[in-house]
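A short reminder: the numbers here are calculations on the coordinates, not readings from a lab. Remember, predicted model here, so these are calculated numbers, not experimental data. Cβ: placed from backbone, ideal geometry, glycine included. Neighbour counts: every protein chain shown.
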Amino acid sequence: MLPVIFFLMQYMVSAKAGLVNYVDGQVNVRLHEQITAGTPIETGLQSHVELLLNPGSFLRIGEDSQVVLDSVELSNIAVRIVKGAALIEASDIDKQIPIRVTTGNLQVLIVSSGAYRFSDGTALVLEGRLRTADKSRTIKKGRQITSFGDSYTVGNIVVRPTGELDLWSSQRSEALAKANALAYHDRYSGNAYAFWYYPYYPYWNVYSNGSAWIYSPFLTGFTFIPRGAYRSYYGYRFVSIGAFAGISAFPAHSWITAGAPHPQRPSTGSTSPHPTVVPGSRAGGGFGGGHQNGSGGGFGGNRTGGSGGGFGGGGHPGGGGRMGGARGGGHGGGRR
């Protein structure tokens, strides 16, 4: 079993950015497809795609959008927003090797962990720090930059975005944090075949930041393990690599909350506590209703015609739930 799983990990996670981790609705890419440089990624109405960039960095593409990865090399990741909107959530960035993003005539560099939204020649720093491509200007949290011809303007974000992409991105962050917590629980409950830990060795060799992807064959998707304590922009905490290795990176009580909902898993016979996801003040609500057709595993809603379990409401004949009208995210990856 171990050699088979290891081979699967090598096949599915290459030494490049651009692996499709989740698809939602009408898109032109397949789940677990490795996108090559220059290939357009397109979404239809009410549809989304999530791609892995480097461990802990996720590219989420909104509805009716087109995005191209101009470079998929880990030492030179370049994203171009051709149409629509995209959001990048990053847990760890090497300032010497930033992620380059182009939207309209604007080209910026992601130089710190955080959350960033891009559309129509504008970049919003929801959290973190951007730098212009010429490195002449730094844009900090709560600010936005917009291109005007060969120049640009910088100002405050007046209203925090709450569109369909933002709601879906929040739900995906929650699902990934739950996957991370479940993996930690299975690590110590002896459930050896529920999750498989796969270090992203090429990334470690290039960046040496210690983060890693982790894959669940049971739910067909990837989450990640950060090198240290990490709390996403949406308020969800992730168990660190040190905790997985038996080294506590932060007190357990700081991220285990009494009374929080526990992921439903088959009994392992262990009495070890279930880690749970701690939502922060920014996080948007829980899962709601709605009816969507689809397939795949995940924390997406109660399913009546598909596989996989779910958190949240709504009768879905094979698909995920909705959160405030946005489609449900999967556990760590999958297709709705």
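Please list the non-local residues whose amide H lies under 5 Å from the amide H of D70, H modeled 1.01 Å from N, same-chain partners needing a gap of 5 or more.
Sorted by chain and number, the residues that satisfy this are G38, A78, V79, R80.
In which sequence would V125, V82 go, from the one with the fewest C-beta neighbours within 10 Å to the one with the most? Could you put the intermediate results ahead of the total?
Values: V125 24, V82 15.
So the ranking, lowest neighbour count to highest, is V82, V125.
Quick one: net charge of L109's neighbours, Cβ under 12 Å, K/R +1, D/E -1?
Details: positive: K95, R100, R129, R131, K135, R137; negative: D94, D134.
That works out to +4.
How do 71-79, 128-136 rank on mean C-beta neighbours within 10 Å, highest first?
Values: 71-79: 18.9, 128-136: 15.7.
By packing density, highest mean first, the sequence is 71-79, 128-136.
When the Karplus curve 6.51 cos²θ - 1.76 cosθ + 1.60 is applied with θ = phi - 60°, which whole-Hz ³J(HN,Hα) does each residue of the stretch 35-50 get, with x for Gly and Pro?
Each residue of the stretch 35-50 in turn: 6, 8, 4, x, 7, x, 10, 10, 10, x, 5, 6, 10, 8, 9, 10 Hz.
Show me 44-51, 231-238 ranked by packing, highest mean number of other Cβ atoms within 10 Å first.
Numbers: 44-51: 20.9, 231-238: 23.1.
Ranking, from highest mean packing down: 231-238, 44-51.
Please list, ordered by chain and number, the residues whose modelled amide H lies under 5 Å from the amide H of D120; skip anything fewer than 5 residues away on the same chain.
Long-range HN contacts for D120: G84.
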